[in-house]
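This report refers to the structure that appears directly beneath it.
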Amino acid sequence: MKQLTETIRKELVQRIVRNLLDIQILRLIQSEPMWGYKIIQRVEKDFGVKIRHGALYPLLNKMENEGFLASHKESKGGRIRKTYEITEKGLELASIYDEVLTEQMQK
């Protein structure tokens with residue numbers, strides 16, 4: 001029974017992450033600024049969901065264009081990478097998401 005519960009839990013987490021990937025990315029970046037590859041690693045490690053580069057970067061660009069994220073380029077080990085940070089608008093969206101989720105859980 002415990003095995004079934006864990007399997008169902010894992011499947012639900014993966015479904016939520018896939019359907020609300022933008023929110024989950026905001027929440028990860030809220031904890032610390034991140035670059036694309038680190039986001040991919042954290043999503044896989046924390047939620048068991050694999051994200052392709054071809055799916056992540058257009059989403060990050062969209063979120064930046066919409067004002068939820070800001071980025072800056074930095075040099076690390078001779079390579080330039082784009083690091084993303086959450087904006088005030090992104091913090092507001094993440095906060096509203098938490099409020100709505102809490103409200104729905106109380107119904």
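Scanning the range 51-79 for residues that are assigned to a loop (DSSP other than H, G, I, E, B) and within 20 Å of residue 30 (Cα to Cα) yields 51, 66, 67, 68.
Inside the range 1-29, residues that are in contact with a helix residue (DSSP H, G or I) (Cβ under 9 Å, 6 or more places away or on another chain), among the β-branched types (Val, Ile, Thr) and at pLDDT below 85 make up a count of 3.
Taking the range 74-89 as the range and being surrounded by fewer than 10 Cβ atoms within 10 Å (Cβ to Cβ) and in contact with a strand residue (DSSP E or B) (Cβ under 7 Å, 6 or more places away or on another chain) as the test, only 80 passes.
Does residue 67 meet the test of being touching a residue at least 12 places away in the same chain (Cβ under 8 Å), on the phi > 0 side of the Ramachandran plot and touching a Gly at 6+ places or on another chain (Cβ under 9 Å)? When the stated conditions are applied, residue 67 passes them.
Out of 46, 98, one residue alone is closer than 24 Å to residue 7 by Cα and either in contact (Cβ under 8 Å) with a residue 24 or more places away in the chain or assigned to a helix (DSSP H, G or I) (or both). It is 46.
Just to be sure before I move on: is residue 82 in a strand (DSSP E or B), touching a Lys or Arg at 6+ places or on another chain (Cβ under 9 Å) and in contact (Cβ under 8 Å) with a residue 24 or more places away in the chain in the structure I sent? So residue 82 passes the test. Of the residues 40, 25, 29, the single one that is part of a helix (DSSP H, G or I), without any contact (Cβ under 8 Å) to a residue 24 or more places away in the chain, surrounded by 13 or more Cβ atoms within 10 Å (Cβ to Cβ) and of a type in the set (Val, Ile, Thr) is 40. Regarding residue 90, is this residue in contact (Cβ under 8 Å) with a residue 12 or more places away in the chain and of a type in the set (Gly, Ala, Ser)? So residue 90 fits the description; yes.
The values are calculated or read from the model by the stated rules, or taken from the named source; none is laboratory data. Predicted, not measured: the structure shown is a model, and the values here were computed from it. Backbone-built Cβ (ideal geometry, glycine too); neighbour counts: all protein chains shown.
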